[in-house]
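Laboratory data are not the source of any read-out in this text; all were calculated from the coordinates shown. These numbers were taken from a predicted model, which means no experiment stands behind them. Cβ atoms come from the backbone with ideal geometry, glycine included; neighbour counts cover every protein chain shown.
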Amino acid sequence: MRILIFLYTLWATFWFVFLFLLLFPLFWLFLQKPEWKPKAHYLNRFWGKIFFPIIGIRFDIKYEFEPDVNKTYVFCANHFSYVDIAVMGVVIKNYFAFVGKASLKGIPLFGYMFTKLHIQVDRSDKNSRATSLARSIKALQSGRSIMIFPEGGIWSKDFKKMSSPLKDGGFLMAIQQQVPIVPITLLNNHKVMEDGKFAVHPQTIRAIVHKPIETIGLTQDDIEDLKIQFHDVVQGALDSYYSTVQ
């Protein structure tokens, strides 16, 4: 079994790199002007739409809510696997900016695309956190949605449970701009690629896009309550799923 997983991982890695290199000239072109960046975003989505079927990974997405591509949201999801980033481009059709770790910019070519297209944050640096929040708010003001993992990284030791405490950033920007938070539960991505292990497993990726949590009329005093609402929705979905799956 291990040799089969090893060979499958090599196969998946080949297609991941090959498709990205094939499309990189277009990524580079679309990232040269701010008004072209949406094209780079949707090219990224196109990459995911090709990559996952090629390696035999299917999607089972339940939309309790279908986000309007013409509206702005803060999408918040649990974060148990590095495959989460690639998956979100397939799950969500809206034009959004990721708020992700600054270390991602060090990955050759992919780091260039991520740096130009998304928002980096070094959570150990207060100035970096403040800058990323300002950039995120500016993106929301321009009509671009935000995608963020409120856990602040892959910290959970039990992939049936979210880690805590949740970071304030996503909830703060949603309140400041009075845009809805859309909770997303990624049910089994850690089974596709477990943190810390270079191994890809063929699975059907399962996700739920939940109904939005409105922020109109809320203030910074409501951040903790908003975090609890988000946590209850996502953790509740995880609990329900794993109560029936071994």
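Structural remarks
- Sorted from greatest to least, the principal axis extents spanned by the alpha carbons of segment 108-211 come out as 39, 37, 25 Å.
- Restricting segment 144-199 to chymotrypsin sites (Phe, Trp or Tyr not before Pro) that sit in a DSSP loop and have at most 11 other Cβ atoms within 10 Å of their own Cβ leaves Phe198.
- Sorting Leu117, Leu166 from the fewest to the most surrounding beta carbons within 10 angstrom yields Leu117, Leu166.
- Rounded, prolate or oblate (a/c below 1.5 giving rounded, otherwise prolate when a/b exceeds b/c) for segment 1-118 by Cα gyration tensor: oblate
- Label-to-label distance, nm, for residues given as Lys93 and Glu224 (7 Å Cα→Cβ offset): 4.0
- For the chain, a simple Cβ point-charge model (Lys and Arg +1, Asp and Glu -1, everything else neutral) yields a dipole of about 900 debye relative to the Cα centre.
- Between the listed residues Thr131, Val121, Phe24, the Cα displaced farthest toward the positive end of the dipole of the chain, a dipole computed from Cβ unit charges relative to the Cα centre, is found at Phe24.
- Neighbour-count order for Ser103, Ser163, fewest beta carbons within 10 angstrom listed first: Ser103, Ser163
- Per-residue ellipticity at 222 nm from helix content only, as computed over the chain with -39500 (n - 2.57) for each DSSP H run of at least four residues, stands at -14500 deg cm²/dmol.
- For the set Lys33/Lys227; Lys33/Lys71; Lys33/Lys161, the pairs lying more than 31 angstrom apart at their alpha carbons are Lys33/Lys227; Lys33/Lys161.
- Point-to-point label distance, Gln177-Val245, nm (Cα→Cβ direction, 7 Å offset): 3.1
- The alpha-carbon positions of the chain define a convex hull whose volume is 125 Å³ per residue.
- Using C-alpha pairs below 8 Å separated by at least 6 residues, the relative contact order for the chain is 25 percent.
- Among the trypsin sites (Lys or Arg not before Pro) found in segment 157-222, those both in a DSSP coil and sparsely packed, with 16 or fewer other Cβ atoms within 10 Å of their Cβ, are Lys157, Lys160, Lys161, Lys197.
- Taking other C-beta atoms within 10 Å as the exposure proxy, Tyr63, Tyr8 rank Tyr63, Tyr8 from fewest upward.
- Helix runs (DSSP H) in the chain reaching 27 Å along axis by Cα, Kyte-Doolittle at least 1.0: 2-30
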